[in-house]
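Participant: Below: one structure in structure tokens.
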Amino acid sequence: MALTVRDLTVHYGSFAAVRDAKLDIADGEVLALLGPSGSGKSTLLRAITGLEPVSSGSVSWDGADLAAVPVHKREFGLVFQDGQLFPHRDVAANIAFGLRMHGVPRERHAARVEELLKLVGLEGYERRRVTELSGGQAQRVALARALAPEPRLLLLDEPLSGLDAGLREQLAIDLADLLRRSKITALLVTHDQEEAFTLADRVAVLDAGEIRQEGAVRSVWNRPVDDTVARFLGVTTFLDGTAVEGVVRTELGTVELEVDDGPVRLGLRPHGLKVSAEGVPGEVTAAVHRREHLRLVVRCGESTVDAIAPAGADFRAGDPVRLEPDPDGIAVVG
Ligand SMILES: Nc1ncnc2c1ncn2[C@@H]1O[C@H](COP(=O)(O)OP(=O)(O)OP(=O)(O)O)[C@@H](O)[C@H]1O
């Protein structure tokens, strides 16, 4: 295991911002720390870098305890939300800064800077002033600077959250590609599920200072351990049902899922219920147009549920509607 975190607790005064955290990151793996605002993600990342003193527990690399190793000797690269570039230096000087700090001879700087700019898609930007870069370009430079000394672990704290939505999506895809190509071991902090799922192999979900669940991206997405984690992962409706030979019966219809026979708790994301002529009847209470579909709130008997209809559909409050479960939007909780 490359990075191992055990029983890590961090206090601010008497308040435990992180409690008994346990994490493992294998060589070449990307782990996302996912959690709501204030859940302790940045604190845990800072404790791993050595920037935040720990109250108890350990951080090790390849089995060697890092407690006595200062921040700049951990060979970790850091990228923060706002990049924190040096404004009075050009792009090349910003990237070369990391090389100087690690004693790379000056004559090798230009070639390495060129190689890194190519890697982050900014060829030819060497002499550009960093104050003349867009937000996305500045984050690419920050990434190149962090990668310059070939860190053994790259730590990214909300690297895309300062960018607007479209750019953010594109940069997430580019970054995922870059991380895979360079086979770097990385820890990413984000509160954005999409970003975690685009970038990471595994996720750890943090809530109120505790890691609630950790595992492969898909398994956490499909099998959240409890309602809190499920809600954080986009589940809006919970539905209890009974499974018999892979078919789950609920009051909103039946759905095929790979589960053991017996009682089962389903967590439905909005697209877990869709409009269908054969479905369970209900009444639309609200309809909101989204880019790819029409989002509905529907009263079905005693429950109010979220559902979706195709983008071209025309539903208004008061309209009758029929809904059917869609396994793609359904998680098994617990
Ligand atoms: N320097 C500090 N002194 C006291 N309390 C702090 C300090 N830094 C963070 N906290 C508190 O510790 C908790 C965890 O904060 P942290 O920044 O780690 O959360 P986060 O999950 O990264 O949140 P966000 O997504 O909003 O950045 C919060 O309740 C926060 O108010």
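The values are calculated or read from the model by the stated rules, or taken from the named source; none is laboratory data. From a predicted model like this one, the values you see are computed outputs, not experimental measurements. Here Cβ is always computed from backbone atoms with ideal geometry, including for glycine, and neighbour counts include all displayed protein chains.
Participant: When you check VAL91 against the structure, is it in contact (Cβ under 8 Å) with a residue 12 or more places away in the chain, buried (at least 21 other Cβ atoms within 10 Å of the Cβ) and β-branched (Val, Ile, Thr), yes or no?
Facilitator: yes
Participant: Does any residue of the stretch 202-213 turn out to be crowded, with 18+ Cβ neighbours inside 10 Å, away from the ligand (no atom under 16 Å from the Cβ) and either in a loop (DSSP other than H, G, I, E, B) or not basic (Lys, Arg) (or both)? Spell out the reasoning first.
Facilitator: Just the residues of the stretch 202-213 that are crowded, with 18+ Cβ neighbours inside 10 Å, to begin with: 202-207, 209, 211-213.
Next cut, away from the ligand (no atom under 16 Å from the Cβ) only: 202.
In the following step, the residues that additionally are either in a loop (DSSP other than H, G, I, E, B) or not basic (Lys, Arg) (or both) were identified as none.
Checked the stretch 202-213: no residue is crowded, with 18+ Cβ neighbours inside 10 Å, away from the ligand (no atom under 16 Å from the Cβ) and either in a loop (DSSP other than H, G, I, E, B) or not basic (Lys, Arg) (or both).
Participant: Also, I was wondering about something else. I'm told LEU78 meets every condition in (1) assigned to a helix (DSSP H, G or I); (2) crowded, with 17+ Cβ neighbours inside 10 Å; (3) more than 11 Å from the ligand (Cβ to nearest atom); (4) at pLDDT below 95 except one. Can you identify the failing condition by its number?
Facilitator: All conditions pass for LEU78, except number (1).
Participant: I need the full set of residues from the stretch 118-161 which are touching a strand residue (DSSP E or B) at 6+ places or on another chain (Cβ under 8 Å) and farther than 25 Å from LEU31 by Cβ, in order please.
Facilitator: GLU126, ARG127, ARG128, ARG129, VAL130
Participant: A further question follows. For the stretch 81-130, which residues satisfy the criterion of being part of a helix (DSSP H, G or I), more than 29 Å from the chain's Cα centre (by Cα) and more than 18 Å from PRO151 (Cβ to Cβ)?
Facilitator: ALA92, ALA93, ARG106, GLU107, ALA110, ALA111, GLU114
Participant: Only one of these conditions is not met by GLU115: (1) surrounded by fewer than 18 Cβ atoms within 10 Å (Cβ to Cβ); (2) within 30 Å of ASP24 (Cα to Cα); (3) modelled with pLDDT under 95. Which number is it?
Facilitator: Against the list (1) surrounded by fewer than 18 Cβ atoms within 10 Å (Cβ to Cβ); (2) within 30 Å of ASP24 (Cα to Cα); (3) modelled with pLDDT under 95, GLU115 comes up short only on (2).
Participant: Evaluate the following for ALA277: is it touching a Phe, Trp or Tyr at 6+ places or on another chain (Cβ under 8 Å) and of a type in the set (A, V, I, L, M)?
Facilitator: Values: touching a Phe, Trp or Tyr at 6+ places or on another chain (Cβ under 8 Å): no; of a type in the set (A, V, I, L, M): yes.
So ALA277 fails the test.
Participant: Checking VAL189 against (1) β-branched (Val, Ile, Thr); (2) in contact with a Lys or Arg (Cβ under 6 Å, 6 or more places away or on another chain); (3) not in a strand (DSSP E or B), which single condition isn't satisfied?
Facilitator: (3)
Participant: Where in the stretch 1-59 are there strands (runs of 3 or more DSSP E), lying fully within it, with 1 or more residues that are away from the ligand (no atom under 11 Å from the Cβ) and without any contact (Cβ under 8 Å) to a residue 40 or more places away in the chain?
Facilitator: Per the criteria, 15-25.
Participant: With the structure loaded, tell me whether GLY35 is in the same structural domain as ARG202 (by the TED database), at pLDDT below 95, of a type in the set (Gly, Ala, Ser) and surrounded by 17 or more Cβ atoms within 10 Å (Cβ to Cβ) or whether it fails that test. It would help to see each step written out before you state the result.
Facilitator: Details: in the same structural domain as ARG202 (by the TED database): yes; at pLDDT below 95: yes; of a type in the set (Gly, Ala, Ser): yes; surrounded by 17 or more Cβ atoms within 10 Å (Cβ to Cβ): yes.
In short, yes.
Participant: Further question: Being over 23 Å from GLU194 (Cα atoms) and not assigned by the TED database to the domain that holds GLU210 is the requirement here; does GLU324 meet it?
Facilitator: The answer is yes for GLU324.
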